[in-house]
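Student: One structure, pasted below without further comment.
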Amino acid sequence: GKGEFEHYMLKEIHEQPVAVANALEGRLGSDQVLIEAFGPQARQLLGRTRQIHLVACGTSYHAGMVARYWIEALAGVPCQVEIASEYRYRDVVAPPGTLLLTLSQSGETADTLAALRHARKRQEENYVGTLAICNVPGSSLVRESDLSLMTHAGPEIGVASTKAFTTQLTSLMLVALALRQLHGGDRDLTARLVHRLRYLPTLLGDTLQLDGEIAALAKGFADYRHTLFLGRGAQMPIALEGALKLKEISYIHAEAYPAGELKHGPLALIDGSMPVVALAPMDELIDKLKSNLQEVRARGGQLLVFADPESGLEQEEGMTVVKVPGCCRFLAPIVYTLPLQLLAYHVAVVRGTDVDQPRNLAKSVTVE
Ligand code: M6R
């Protein structure tokens, strides 16, 4: 049941430190990822991988978009990410050595399964194999893939995916590091990230302490009709995920853009009735992001910024700043997901929608 929580979604948001710890359990050595723990064929499959096609729908697709940044930066393996309903109908060109990596909470999403079958039929000889990252053991996706990595999120009841997403991200980070190990990446960074991963559940617990502060902000947010979410780099897909959460459960129209795209169109939307949510962790793009935020402020947009304490961003007229616990740039996408889930949740509660069972949606999309 929901226990002390008013909704399954809130319970599942708060389960994330434990869920992520479960996703890591048994998979980390002292200074590297235990590739054998992924299954007996994992070393061979990932070792032969020359490029990756990541395929998924919805929130799982956003996890794939984050993973592209990680896999290319950490392992130097080219990676493309695609929505399953597109991949399945396209004349995909898979060069020899392609790993098809599917992501799905349920393992029963019709389009994702069809994409897997489509790849098989089209150019089987060019794929080194198929890997599914999934939350449901024994699901169709798991049964039909060569290798599967279970996310161990536990049952997710809320239609809006929360812990399934952060455990997918955690699993994808493990895959990125495994690829790095097999493709000769320098070991120091691997060891540092393994240490940070061990600390991730604690960091997520600290981040959830923002619940009350975000609940208070949600009251002012609930009357808006539109919202823009901005992020750069691996935070761009987190902006997309934050916008999807808000749309899905609060029915407020939300869009997300890479912050660098503002000037190419969406800036025209900014005025005093357009709130802009931005993600500002400490990374190499922070100064560029700050100048994007300046552009929004100069046009009267109302900013809500989730920022690193060291970012130098402070509360000002037109800008609310919520400080997110400091974290390394590689794990920041996982950490910054939590405040956006909480924001969507509390805004939906203020608006009185059916949080766990939003209109028109099903938990698992098993038909096309
Ligand atoms: O079970 P899957 O991960 O394959 O589901 C994919 C999407 O249907 C799912 O993530 C959907 O977008 C969620 N409702 C988002 O919260």
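The values are calculated or read from the model by the stated rules, or taken from the named source; none is laboratory data. This one's a predicted model, so the numbers in the text were calculated from it and none came from an experiment. When we count neighbours, we look across all protein chains shown, and the Cβ atoms used for this are built from the backbone with ideal geometry, even at glycine. The protein model used for the area step is the full one, side chains on, heavy atoms only, and it has no ligands, DNA or RNA in it. Shrake-Rupley method; radii C 1.70, N 1.55, O 1.52, S 1.80 Å.
Student: Excluding ligands, DNA and RNA, what is the solvent-accessible area per residue of the chain at a probe of 1.4 Å, expressed in Å²? Don't skip to the answer; put the middle values down first.
Tutor: On the way: 14520 Å² over 368 residues.
Result: 39 Å² per residue.
Student: Can you pull out the trypsin sites (Lys or Arg not before Pro) in segment 39-121 whose DSSP state is coil and whose Cβ has at most 15 other Cβ atoms within 10 Å?
Tutor: Working: sites: Arg43, Arg48, Arg50, Arg68, Arg88, Arg90, Arg117, Arg120, Lys121; in loops: Arg50, Arg88, Arg90.
Here the trypsin sites (Lys or Arg not before Pro) that fit, given the DSSP loop and packing criteria, are Arg50, Arg90.
Student: Now for a separate question. Counting only protein heavy atoms and using a 1.4 Å probe, what share of the accessible area of the chain belongs to carbon plus sulfur, as a whole percent? Working shown, then result.
Tutor: Details: 7150 of 14520 Å².
Roughly 49 percent, rounded to a whole number.
Student: Right, another one. 5 Å is the cut-off here: which amide hydrogens, built 1.01 Å from N in the peptide plane, fall below it relative to Leu54, excluding neighbours closer than 5 in sequence?
Tutor: Those lying under 5 Å, H to H, from Leu54 are Gln80, Val81, Glu82, Leu101.
Student: Of the DSSP beta bridges with both residues in the chain, give the percent that are antiparallel, rounding to the nearest 5. Please report the intermediate quantities before stating the final value.
Tutor: On the way: 2 of 43 bridges.
If I count the DSSP bridges inside the chain, around 5 percent turn out antiparallel.
Student: Distance from a point 7 Å along Cα→Cβ of Arg359 to each backbone N in segment 246-267: keep the residues under 20 Å and list them by number.
Tutor: 246-255
Student: I've got another one for you. For segment 292-368 and segment 60-134, what is the centre-to-centre distance using only Cα atoms, to the nearest Å?
Tutor: When both Cα centres are located, 28 Å separates them.
Student: Let me ask another. So what are the ³J(HN,Hα) numbers for segment 163-178, from phi and the Karplus equation (6.51, -1.76, 1.60; θ = phi - 60°), rounded to whole Hz, Gly and Pro as x?
Tutor: The phi angles translate into 5, 5, 5, 5, 6, 5, 4, 4, 5, 5, 5, 4, 5, 4, 6, 4 Hz.
Student: Okay, moving on. Once you place label points 7 Å from the Cα toward the Cβ at Arg117 and Arg90, how far apart are they in nm?
Tutor: Going from the Arg117 label point to the Arg90 one covers 2.1 nm.
Student: Calculate for the chain the 222 nm mean residue ellipticity that helices alone would give, adding -39,500 (n - 2.57) per DSSP H run of length 4 or more and normalising by residue count, nearest 500 deg cm²/dmol. Before the final figure, lay out the partial values.
Tutor: Values: 13 runs with 159 residues, N = 368.
Mean residue ellipticity, 222 nm, calculated: -13500 deg cm²/dmol.
Student: Highest mean first, what order results for 232-241, 75-84 on Cβ atoms within 10 Å? Please list the in-between numbers first.
Tutor: Values: 232-241: 26.1, 75-84: 19.1.
Highest to lowest by the protection proxy: 232-241, 75-84.
Student: Kindly write out, for segment 198-211 in residue order, the coupling ³J(HN,Hα) from the Karplus curve 6.51 cos²θ - 1.76 cosθ + 1.60 (θ = phi - 60°), rounded to whole Hz, with x marking Gly and Pro.
Tutor: Each residue's phi maps through the Karplus curve to give 4, 8, 4, x, 5, 4, 5, x, 4, 5, 5, 5, 6, 3 Hz.
Student: Sort 295-307, 26-38 for me by packing, meaning the mean count of neighbouring Cβ atoms within 10 Å per residue, highest on top. Working shown, then result.
Tutor: Values: 295-307: 19.5, 26-38: 15.6.
Ranking the peptides 295-307, 26-38 by packing returns 295-307, 26-38.
Student: Once you list every other residue whose beta carbon is under 15 Å from the beta carbon of Leu228, what net charge do they have if Lys and Arg are +1 and Asp and Glu are -1? Provide the component values of the computation, followed by the final result.
Tutor: Numbers: positive: Arg225, Arg232, Lys245, Lys247, Lys263, Arg297, Arg299; negative: Glu241, Glu255, Glu261, Asp271, Glu295.
Overall, the nearby charge balance is +2.
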